[in-house]
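Working notes, structure below.
The values are calculated or read from the model by the stated rules, or taken from the named source; none is laboratory data. It should be emphasised that the depicted structure is a prediction, and the values quoted were computed from it without experimental measurement. Backbone-built Cβ (ideal geometry, glycine too); neighbour counts: all protein chains shown. We work out accessible area using only protein heavy atoms, side chains counted, and drop any ligands, DNA or RNA first. Shrake-Rupley method; radii C 1.70, N 1.55, O 1.52, S 1.80 Å.
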Amino acid sequence: MYAHSSESLIKQAREIQESELQKFHSRLGKLLQGKELGHEAVDSLQRLHIILSPSVQSLSCVHCFQSTNCSPSLHLYCLRADLSSLCAQLLRSLESRQSEGPANSLTHTLPILNTILTHSPDCLTEDHVTLLSKKLVDWLRYASITQGGGVPSGGFFTGPRSRQPVPTAELDGTVSGDFFTVLCVGQGFTEDQWMNVYSFSMLRHWLLTYHSVSNDLSLLISRVADDRSEVDGSVVSMVSATSSSSRLLPPKERLREKAFQYCQRLIEQSDRKAHKRTDTDLQKACLVEAVCILDCVCGEDASLVYRTFPCIKALFGRLSSDLSFARVLLPIAQFYLNHGEMAAVDCECVWKLVFGRFPAELFNNQFLAHELLRFLRLNLESLQDTQTFCSFIPVVDDFVDLLPSLVTAGTAVELLHTLLDLPCLSATLVLQVRSTCLPISEPGGRGLLSLDAFRSQSFRGLFLFLLRGEAGSGDTIDRLSTLHELLAETADWSRVVQCAQTVPVLLHIFFNTVIAVADEKLLAHLVQVMLERSSLLLNIPKYNKEIHRVFSSHLLRLCKLHPSLVVDQSHELLEFAGATAKVYSKEEIYTHVVWVLGEYLSVSCDSRCSVKLITSCFETLEAVLFEITSSAPPPGADCPVPRVVTSLMSALAKLASRSHDLIPRVSLFLSKLRTVTRGGPVAWCSDEEDLVAIVTRGEELWSLLKAPGVAQSVLTPPALVTSPQWHRDTNVAMLLRLRALTNLTHSQ
């Protein structure tokens, strides 16, 4: 909780009037126009931030600014002031020597200036950019190498004048052998050393904002030719002294060169063994920023790619075996992706680490999961060109944006199984984390059977298949039902339930994508998978019904686009439709399977559709319909929904209209159905209104079948009827009438 004084200031700030704010602004403007930026000016800027913060920021921003940092709310002030003039005053204060202003004035000014530039980058002129680029060069490369203050040389009469300068040290305790960086330590720091730290913190933003690629082409080509030989050469030392040639470069190019040298030194310093845990974390943070800055400067100056890659390759080789540096390895992967092709460097080892080991071993690291997902989204277009990307399975339950890029003809079947197994994978990942801890029991004392199964060698192969990090080892496994039994108790775990809720969305994306890349053979295989997996799903409340609903909608869509799929998969479809038990447990998908059989099992859809096939289908559906309408439902099952019964009757009528020898059989059933229902309630339908609807539908079909020619036209209409184009047909009078009406309306 923040101090009461901070909350009091915020309360006062909320109640400030516009007139008071204008007076305060005028006084602050005069202070900033003075020759010196004193304590009063800095204090006024802090008060201004507190005034403006409540409307757009939280208490944390105020607390942060009280430590001389800024927040985006300062942008509101900039909308009332002349930004160019304000920046000019701030830049002028940066040029003053320490003796001309109060202590720490520079360290206050630079963060304020950086915040203004973040939200209004156009406020600087070219002269301003040049000036600040020069100052950044000085602070980054020429900061003091001695500690702030000093230590007494000894003796009774020791005074301030006898204090001796002490050099800064490296994190491992040795004396610094080169220029000062953020990874140098000491008992105290000078103002220019603090400016070195601040300059490094804003360097990447400055380069991205004001250093566009504007190099002369001939100069760039000559540099690339000169530096190309350095790719395969060894790096003698990453510590670079300032060369005389760099002083001749323009300010922007000179800052780029100094940024390159600074980051090279940071990478060298990160290899030192830090004495404190906090220093180790600082090394990792600086490595991330250093690699990002190197990526930035290489994007601006291609000649630096050949000078940088040996260092990046060595850094990757040093860190790749230690996944505690995963946060650093992602920027390295970004560097390889951006510049690997230019330097002709093999990136396969990088992708195997990022797409393989990261998800497989660091799946419980939420921060890294976010960073990895962000990396994939930002680089999706570039990564699609890499074969490795499609062969690895990201362990992320929210890769909606990534999923389409993973769907190919070679991965579609395995990917469909993987999506359906995501709840099982989520449960397995939880078990993997728990298995490394002490045995976990429920409150009642009973141990988790799923955890015991995970640790058992008998079932180890099932779980290892789910945990595979690379695709291509097989579409699915034979003992899915066994796996679902072992994971039955995980069905109500929050992570498993949440994962199950994302699967229908991902399936819709999958099917919408696969239609564009799959041929009919692959689509037929996917239809078979849908029929098989409708019975092989982890038993999660509402999950199975949602999956069946997705399967049903896309089964209709696939068969409508490719009606020949019904003939290709007729054996599997009839086997599914002939199982009476599915009427009671999978009514959604069962109804749609029956519908596609009755709709598309026709010569007009596929010339291979024979009378024998139509008769076989008719007999299969007839047997099911007779069974469910002549007996009560099985124990524990509800009565079949009316839609299933009417779909079966409609399918039989459609098939009979295409093979007239079958009409007497379906007519006999429909007449018996009407007779049976007149006797009162029936065991297979408990709702009277549903029974009336079923009988009414049966009478309509019976009436149609009395005229076979009419029945075929109504139940199986030709494409001309279902998709009329009369308004475009020049052979009919309607087109002429439409044109005449159009001319009449236009003439008026």
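May I ask you to list the residues in region 264-296 that are open to solvent by 10 Å² or more (accessible area, probe 1.4 Å), among the charged types (D, E, K, R) and in a helix (DSSP H, G or I)?
The answer is Glu268, Arg277, Asp279, Asp281, Lys284, Glu289, Asp295.
Hey, can you tell me all the residues within region 397-414 that are among the hydrophobic types (A, V, I, L, M, F, W, C), within 22 Å of Leu372 (Cα to Cα) and in contact with an Asp or Glu (Cβ under 9 Å, 6 or more places away or on another chain)?
Narrowing region 397-414 to residues among the hydrophobic types (A, V, I, L, M, F, W, C): 399-400, 402-403, 406-407, 409, 412-413.
Still in the list and also within 22 Å of Leu372 (Cα to Cα): 399-400, 402-403, 406-407.
Within region 397-414, no residue meets the criteria.
Pairs only if they're at least six apart or on different chains, beta carbon under 8 angstrom, first in region 683-708 and in contact (Cβ under 8 Å) with a residue 24 or more places away in the chain, second of a type in the set (Lys, Arg); list them, first residue then second.
Partner pairs satisfying both residue conditions: Gly698/Arg674; Glu699/Arg674; Trp702/Arg674.
May I ask you to verify whether Gly299 is open to solvent by 10 Å² or more (accessible area, probe 1.4 Å), small (Gly, Ala, Ser) and closer than 21 Å to Leu376 by Cβ? If you could, list the steps in order and put the result at the bottom.
Working: open to solvent by 10 Å² or more (accessible area, probe 1.4 Å): yes; small (Gly, Ala, Ser): yes; closer than 21 Å to Leu376 by Cβ: yes.
So Gly299 passes the test.
Against the condition loosely packed, with under 11 Cβ neighbours inside 10 Å, of a type in the set (Gly, Ala, Ser) and either in a helix (DSSP H, G or I) or at pLDDT 50 or above (or both), how does Ser229 come out, does it pass?
Taking the combined requirement at face value, the residue satisfies it.
Take Pro331 and tell me if it is modelled with pLDDT under 90, open to solvent by less than 40 Å² (accessible area, probe 1.4 Å) and assigned to a helix (DSSP H, G or I). I'd like the intermediate steps shown before the answer.
On the way: modelled with pLDDT under 90: no; open to solvent by less than 40 Å² (accessible area, probe 1.4 Å): yes; assigned to a helix (DSSP H, G or I): yes.
Answer is no for this residue.
For region 670-689, give me each residue that is buried (at least 17 other Cβ atoms within 10 Å of the Cβ) and either among the charged types (D, E, K, R) or in a helix (DSSP H, G or I) (or both).
Leu670, Leu673, Thr677
Take the residues in region 690-748 that are at pLDDT 75 or above, exposed (fewer than 14 other Cβ atoms within 10 Å of the Cβ) and hydrophobic (A, V, I, L, M, F, W, C); name whichever of them is farthest from the chain's Cα centre (by Cα).
Per the stated criteria, the residue is Ala707.
Just checking, which of Leu315, Leu337, Leu353 is open to solvent by less than 30 Å² (accessible area, probe 1.4 Å), among the hydrophobic types (A, V, I, L, M, F, W, C), under 19 Å from Leu383 (Cα atoms) and not in a loop (DSSP other than H, G, I, E, B)? Break it down stepwise before answering.
Values: Leu315 fails: under 19 Å from Leu383 (Cα atoms); Leu337 fails: open to solvent by less than 30 Å² (accessible area, probe 1.4 Å).
On inspection, the qualifying residue turns out to be Leu353.
Inside region 640-662, can you point out the residues that are touching a Pro at 6+ places or on another chain (Cβ under 9 Å) and surrounded by fewer than 18 Cβ atoms within 10 Å (Cβ to Cβ)?
His660
State whether one or more residues within region 233-253 are of a type outside the set (D, E, K, R), more than 19 Å from His339 (Cβ to Cβ) and at pLDDT 90 or above.
The first filter runs over region 233-253 and keeps only residues of a type outside the set (D, E, K, R), leaving 233-246, 248-251.
Checking the rest, the ones that are also more than 19 Å from His339 (Cβ to Cβ) come to 234, 236-237, 239-246, 248-251.
Pick out the ones that are also at pLDDT 90 or above and you get none.
Checked against the condition, which is being of a type outside the set (D, E, K, R), more than 19 Å from His339 (Cβ to Cβ) and at pLDDT 90 or above, region 233-253 yields no hits at all.
How about region 356-366: which of its residues are in contact (Cβ under 8 Å) with a residue 24 or more places away in the chain and either touching a Phe, Trp or Tyr at 6+ places or on another chain (Cβ under 9 Å) or open to solvent by 30 Å² or more (accessible area, probe 1.4 Å) (or both)?
Just the residues of region 356-366 that are in contact (Cβ under 8 Å) with a residue 24 or more places away in the chain, to begin with: 356-365.
Listed by number, the residues that qualify are Gly356, Arg357, Pro359, Ala360, Glu361, Leu362, Phe363, Asn364, Asn365.
Looking for something open to solvent by 60 Å² or more (accessible area, probe 1.4 Å) and modelled with pLDDT under 90 - is there at least one such residue anywhere in region 181-189? Spell out how you get there, then give the answer.
Start the filter on region 181-189 by keeping residues that are open to solvent by 60 Å² or more (accessible area, probe 1.4 Å), which leaves 187, 189.
Those left that are additionally modelled with pLDDT under 90: 187, 189.
Scanning region 181-189, I find at least one residue that is open to solvent by 60 Å² or more (accessible area, probe 1.4 Å) and modelled with pLDDT under 90, so the answer is yes.
Can you name every residue in region 650-705 that is among the β-branched types (Val, Ile, Thr) and within 17 Å of Ala632 (Cα to Cα)?
The initial filter retains those residues of region 650-705 that are among the β-branched types (Val, Ile, Thr), namely 663, 666, 675-677, 682, 692, 694-696.
Matches in region 650-705: Val676, Thr677, Val682, Ile694.
Among the helices (runs of 4 or more DSSP H) lying completely within region 556-639, list those that include at least 2 residues that are among the hydroxyl-bearing types (Ser, Thr, Tyr) and either within 30 Å of Asn512 (Cβ to Cβ) or open to solvent by 20 Å² or more (accessible area, probe 1.4 Å) (or both).
Working: elements: 564-568, 570-577, 581-585, 587-600, 611-628.
So the answer is 581-585, 587-600, 611-628.
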